[in-house]
Structure formats: C-alpha cells, structure tokens
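Everything below concerns the one structure shown next.
The values are calculated or read from the model by the stated rules, or taken from the named source; none is laboratory data. Predicted, not measured: the structure shown is a model, and the values here were computed from it. No Cβ is skipped: glycine too gets one built from the backbone with ideal geometry, and neighbour counts run over all protein chains shown. Heavy atoms of the whole protein, side chains included, go into the accessibility calculation; ligands, DNA and RNA do not. Shrake-Rupley method; radii C 1.70, N 1.55, O 1.52, S 1.80 Å.
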Amino acid sequence: MQPGDHRSVAYSDEAELEPVLAPFIAEGLAGADKVLYLTDVTHPAVVTGLLRGWGVDTAGAVASGRLDIRRLEAFDPGAMVADVAAEAEQARSEGYRALRVTGEMSWAVRVGTDRLAEFEAGIQRVYDTGAALGVCQFDKRLFAPGMLADLLRRHRPDDGDLLLETALLRIRRTSGPDGIQVEGEIDATSAADLARQLSRATRAVPGDLHVDLDGVTFIDLAGLRALVDTAKGLGDQRELVLGPVPDHVNHLMRLIGWHTAPGLRIDF
C-alpha cells in the first residue's frame, strides 16, 4: 500500500486478520512510516500480544515512538478524523513518510451507518493529502450480515475496474491501452491469481495485451513465468506489452534472459 490508499478487511478471527494487518504494520515499521493502531472492543494489551505473535517487535517499536496502540475514547466522527489528521501531521514533522492507520470499526454497530459514512468521507480527505494510509477492520462476528454489507459498501465505493484484490495483489482493468494494471507482490502464492487474470484478459482484449507493472514491489520466477507463458500463448499476431516496468522487474527478466521471450515486448 502507498500513502493515500484506504482499504478494509472483514474477518471472523485473527487468522483472517493476520495476512492483511501483519504486512501492513511490519512494512510500515521496517520502512519509513509511523503506525497508529486504534482499538475499540479489544484491549491494547491484547493487540500488543497479537502483534508480537505475528513477529512484530512491539516493545522496540513502541519504545522508539514508531508504533502507538491506542484505545478509542470517543466515537464522534469529526473528532476522530481531526485526531488522525493531527497524528499524520505530527508524523510528517518527525520525518516519517506517512502515518499508517488501522482501527477496529466495531463502534459503527453502536452509532450506525450514517455516522460511519461521515467518518469515511472525512478520513478519506486525510488520506488524499498523501500524509496517511489506512486499513479499517470489520469483525464479522459483531455485525449482522446485511449491516456489514452496507458498511463495506459505504466504506469503499464500487470500483468497476477492480478485477482482484487480495492481501498481496491488486489487479485492475485498463483501457487506452487495453489490458491490466498490477500492484503488489507476485510470488508462488499469488502468481496463480495473476495467471488467471491474464488468461481472462487475453480473451477480453482482441489485440495486444498491455500489462502495467509499475506498482509491483516484488516478483519471483513464478510471477515472471506467468507473464512469459501468457506471451507465448497469444499467437503470431498479438504481443504481451509490459510497461511501465520497475527497474527491479526489468533487471530480473534480463538477468534470466526472458526479456526476449516470444510474443513479449517491454516498453519504457
């Protein structure tokens, strides 16, 4: 995720929460960000233990001021947005790239969807400044199914171009040129998702298939193989066009020699 991003996770237990929150927090602490974790029904001490179990050095991060685990004291949307905005400004003044925010949204059960919509609109304005990014947590055990669907719909507008979103990977449909945009990490676990979306895109796009890899932060051989295999399967009249391509992806393809694979073209 990058500054300005705003996502949600709906979960039934900590095992479903870990694949999203563990990398979100760990990457922030290992990189250039500060992390704010807002709890509601969960005691901060429990969250501290949970993060420690996920491999996060909570003691060191808290002691250095990079991690703040805080319990929500009030549920006024305007006040919460103002608090996050102030924390983001403080993080930037301390030299951090951005503030990573994650919080339990169980308070929405008490105050209702209208207040949540007010909060989401306000917090999105904070994220839009580029000073923060966030993940909202929706515990499915606390919400009636119909209410949860409504909350998630209000939380994030429908993205008609979104084809896939997992903890590791986000893929969108693009037009002009026609193809897909790939963001995130492509490894042995997510390469199959990429291959499926490439296969669907080859059937949907009649001409050359363009793949924007600019948002790819990591790719391994399995991910590269999905691209090369797709290019080989397009036939003589079509090409798989990669571009923009990050330097690390281009370097790896040339190191292996796959940049000359049949049906493949790399644009810069």
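Tabulated data
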read-out: Helix 145-155 axis, angle to the chain major axis (alpha carbon atoms, nearest 10°); value: 80 degrees
read-out: Identified option (computed Cα extents along the principal axes in Å; candidates (i) 63, 41, 32; (ii) 63, 38, 34; (iii) 62, 58, 40); value: (i)
read-out: Accessible heavy-atom area order of Asp13, Asp83, Asp220, highest first, probe of 1.4 Å; value: Asp83, Asp13, Asp220
read-out: Residue-level accessible surface for Lys34, protein heavy atoms, 1.4 Å, Å²; value: 20 Å²
read-out: Angle between the chain longest axis and helix 247-256 axis [Cα atoms, degrees, rounded to 10]; value: 40 degrees
read-out: Degrees separating the helix 44-53 axis from the principal Cα axis of the chain, which is the longest one; value: 30 degrees
read-out: Whole-number percent relative contact order across the stretch 1-80, with pairs defined as alpha carbons under 8 Å at least 6 apart; value: 30 percent
read-out: Equivalent ellipsoid dimensions for the stretch 24-148 as semi-axes, Å, which come from the Cα gyration tensor, largest first; value: 24, 19, 11
read-out: Packing rank of 112-121, 96-105, where each peptide gets the mean count of other beta carbons within 10 Å, highest leading; value: 96-105, 112-121
read-out: Relative packing of peptides 18-27, 2-11 - highest average C-beta neighbours within 10 Å first; value: 18-27, 2-11
read-out: Inter-centroid distance (Cα atoms) of the stretch 121-138 relative to the stretch 67-84, Å; value: 13 Å
read-out: In order through the stretch 261-267: 3J(HN,Hα) via Karplus (6.51 cos²θ - 1.76 cosθ + 1.60), integer Hz, x for Gly, Pro; value: 4, x, x, 10, 9, 10, 9
